[in-house]
Structure formats: structure tokens, C-alpha cells
Amino acid sequence: MTISVRLDPETENSLREHLRRDRISLSEFVRDAAREKLARYVKPLTPYEIGEPLFGRYASGDANRSSSRKRLLREKIGAKHRR
């Protein structure tokens, strides 16, 4: 892809000096600048999107396990102490 850009003289001089000092080509500089700018537009994943593949992966088969957790815990502790 070929791109033409018009720069004001001050910006052009500053850019040329930077390129000369760092010994990089204008094309390399523009490619890097475009990559950096595009990287800012990448939408970060939400915590839900990160964990979504794991949700329900290790299902117990008990659909109301979280709502009956206290009862289940009491039963387990009670069974342990009855031994």
C-alpha cells in the first residue's frame, strides 16, 4: 500500500532528524506507528469473556448446588463426625 502524507515543515524536519538519528527508514517508522495506533483500538476482553470457556466445564450435575451449599456442607460435616 502506498500512502502520501502532507506534513507541516516543523513536523517534517523533526521526523527527518529522528529518522536520521535512529537510522530507520520512513517506511519502517510509518509501519511501526500504524501498528501502535491500531493496537490501541483493540478492545480488551472482559473478565466474563476470559472465563467463559471454563464456566460449566466441570459441572457437578446438581443444578442447585450454589443455592443449597450450606445444607450440603452441614451434611458433609455431620457425616464426617458421625463416623
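For the chain, dividing the convex hull volume of the Cα atoms by the residue count gives 248 Å³ per residue.
Along the Cα→Cβ direction, 7 angstrom out, place labels at residue 2 and residue 14. What is the inter-label distance in nm? With each label placed 7 Å out from Cα toward Cβ, I get 2.9 nm. At full extension, residue 79 and residue 67 could sit 2.3 nm farther apart than now, given 0.36 nm per residue minus the alpha carbon distance.
Summarising the label geometry, the points placed 7 Å from Cα in the beta-carbon direction at residue 31 and residue 45 lie 2.9 nm from one another. Each of 63, 7, 77 was placed along the dipole of segment 7-83 (beta-carbon charges, centred on the mean Cα), and the one lying farthest toward the positive end is 77. Helical runs (DSSP H, four residues minimum) scored at -39500 (n - 2.57) apiece and divided by the length of the chain put the mean residue ellipticity at 222 nm at -18000 deg cm²/dmol.
Read-outs: derived from the displayed coordinates by stated rules, not from any lab. Values in this document were obtained by computation on a predicted structure and should not be read as measured data. Methodologically, a virtual Cβ is constructed for each residue, glycine included, from the backbone with ideal geometry; neighbour enumeration extends over all protein chains shown.
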